[in-house]
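The values are calculated or read from the model by the stated rules, or taken from the named source; none is laboratory data. Quantities reported herein were computed from a predicted structural model and do not represent experimental measurements. Note that we place each Cβ from the backbone using ideal geometry, even for glycine, and neighbour counts take in every protein chain shown. Areas reflect the complete protein model, heavy atoms only, side chains present, ligands, DNA and RNA absent. Shrake-Rupley method; radii C 1.70, N 1.55, O 1.52, S 1.80 Å.
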Amino acid sequence: MARASAMRRNLGNWLRIHQRFEESEQQFRMGLEVDPENAQLHFDLGRSVHAQGRAAEAIEAYRAAAALDP
């Protein structure tokens, strides 16, 4: 489980760095399907949706990350 979510996180961050935000969001969401308690995935998801102009969703993701890893 941790390995699968780490792979999704790494790929998602690579995509985000290359400004492929929709694809990176998809990777973070797939990672969260197998590891919903992963604070880093929630945080990265927030960064990705924020880059797409979806501030409310980003705030939700950041809050989830903070709740899991204060």
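So for ASP35, ASP44, ASP69, what's the accessible-area order with a 1.4 Å probe, most first?
Result of the area sort, largest leading: ASP69, ASP35, ASP44.
Packing here is the average count of other Cβ atoms within 10 Å per residue, and on that basis the peptides 51-58, 12-19, highest first, run 12-19, 51-58.
For the chain, what is the accessible area per residue in Å² when the probe is 1.4 Å?
That works out to 64 Å² for each residue.
Of the accessible area of the chain, computed with a 1.4 Å probe over protein heavy atoms only, carbon and sulfur atoms account for 53 percent. Helix content alone sets the calculated 222 nm mean residue ellipticity of the chain: runs of n ≥ 4 DSSP H residues at -39500 (n - 2.57) each, divided across all residues, give -26500 deg cm²/dmol.
Each other residue within a Cβ distance under 15 Å of ASP44 adds +1 if Lys or Arg and -1 if Asp or Glu, for a net charge of -1.
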